[in-house]
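The values are calculated or read from the model by the stated rules, or taken from the named source; none is laboratory data. All values reported here derive from a predicted model rather than from experimental measurement. Neighbour counts run over all protein chains shown; Cβ positions are idealised from the backbone, glycine included. Calculation scope for accessible area: heavy atoms of the full protein, side chains included, ligands and nucleic acids excluded. Shrake-Rupley method; radii C 1.70, N 1.55, O 1.52, S 1.80 Å.
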Amino acid sequence: MKILFAKDYDEMSRKAANIIASQITMKHNSVLGLATGSSPIGTYKELIKKYEQGDLCFDGCYTANLDEYRGLTKDNDQSYAYFMYNNLFKYVNINMDKTNIPDGSNPDAEAECKRYDKVVEDLGGVDIQLLGIGHDGHIGFNEPDDSFPVGTHCVKLTDMTIEANKRFFARKEDVPTEAYTMGIGTIMKAKKILMVASGKDKAEILYKTACGEVKPDVPASILRLHADVTIVADEAALSMIIEKAPELVIGLPKK
Ligand code: F6R
């Protein structure tokens, strides 16, 4: 696991976008595993900039998003499909037919999860998986549990996650209580993994992820068993790692 220092959110976003851009440059038909939430928005903005400057071309790329709220259609402005369209897809030359997100409007959870696993499998797996991290260590919507779920599945969101995500909704009651998410097994099969994290509120969970025990009640801790993981995080999110294990951080400025 490589941990790269960024001084703030903007630097984190630039560094993460550079990694994704080099992946696309080296393999024009890359399968990009994408995430939603606040953490990757800046990364998407930087990728859009590179596209506008003529430095990046998305027309060969395929995408597979991590998750979607169950019960929301893709035109619902709180759906992750809507988020992806409005934060990335509509600004770049991606072919929308090559973009994939679990279908939250499919009420048949079993059928939808099976369908989405097949979508990812038919793409040949993910080349680079972008991740954020929840305060409880969730990746995708894989919440703390007794085991690491393998394939796409339907989850009940924890109160902590509903609480964290209510900022995007008019009222807490409007936050869907279930979601479809790629499993940890699928995430771990990605050839490369890139996590972005920012803010003091992520410092403890990032420390547990990088330095604690690998266990399913900190789902992100399993990333330590993956051969090619890069975490790009800002100084605030890295503060506990910097305090307890500074040797793990690449690019840490000398005091
Ligand atoms: C979103 C996702 C979630 C978020 C996590 C952190 O697709 O998979 O795991 O990455 O909840 O969210 P932010 O970035 O909003 O703190």
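Tabulated data for the structure shown
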read-out: Unique match (being within 23 Å of Lys2 (Cα to Cα) and out of contact with any Pro (no Cβ under 7 Å at 6 or more places or on another chain)) among Ala164, Ala170, Ala220, Ala179; value: Ala220
read-out: Residue that is nearest to Asn18 (Cα to Cα), among those in region 211-226 that are open to solvent by 10 Å² or more (accessible area, probe 1.4 Å) and assigned to a helix (DSSP H, G or I); value: Arg224
read-out: Elements of type strands (runs of 3 or more DSSP E) contained in region 75-190, each with 1 or more residues being touching a His at 6+ places or on another chain (Cβ under 8 Å); value: 178-181
read-out: Filter pass, Gly42 being small (Gly, Ala, Ser), modelled with pLDDT of 95 or more, within 12 Å of the ligand (Cβ to nearest atom) and assigned to a helix (DSSP H, G or I); value: yes
read-out: Condition met for Ile24 (under 16 Å from Val232 (Cα atoms), more than 15 Å from the ligand (Cβ to nearest atom) and either open to solvent by less than 10 Å² (accessible area, probe 1.4 Å) or assigned to a strand (DSSP E or B) (or both)); value: no
read-out: Candidates Ile222, Ile184, Ile205, Ile193, filtered to the one that is without any contact (Cβ under 8 Å) to a residue 60 or more places away in the chain and under 19 Å from the mean Cα position of the chain (by Cα); value: Ile184
read-out: Conditions (1) open to solvent by 10 Å² or more (accessible area, probe 1.4 Å); (2) more than 17 Å from Pro40 (Cβ to Cβ): number failed by Ile184; value: (1)
read-out: Filtered residue count, region 95-112, keeping only those that are in contact with a strand residue (DSSP E or B) (Cβ under 6 Å, 6 or more places away or on another chain) and within 30 Å of Val232 (Cα to Cα); value: 6
read-out: The lone exception for Ala237 - which of (1) more than 15 Å from the chain's Cα centre (by Cα); (2) within 15 Å of the ligand (Cβ to nearest atom); (3) under 24 Å from Ser22 (Cβ atoms); (4) part of a helix (DSSP H, G or I) it fails; value: (4)
read-out: Boolean, Thr63 is part of a loop (DSSP other than H, G, I, E, B) and either within 16 Å of the ligand (Cβ to nearest atom) or closer than 30 Å to Lys254 by Cβ (or both); value: no
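For every residue, the table says whether it meets (1) open to solvent by 40 Å² or more (accessible area, probe 1.4 Å); (2) out of contact with any Leu (no Cβ under 7 Å at 6 or more places or on another chain).
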residue	(1), (2)
Asn93	yes, yes
Asn100	no, yes
Asp103	yes, yes
Asp117	yes, yes
Asp122	yes, yes
Gly125	no, yes
Leu130	no, no
Asp136	no, yes
Gly140	no, no
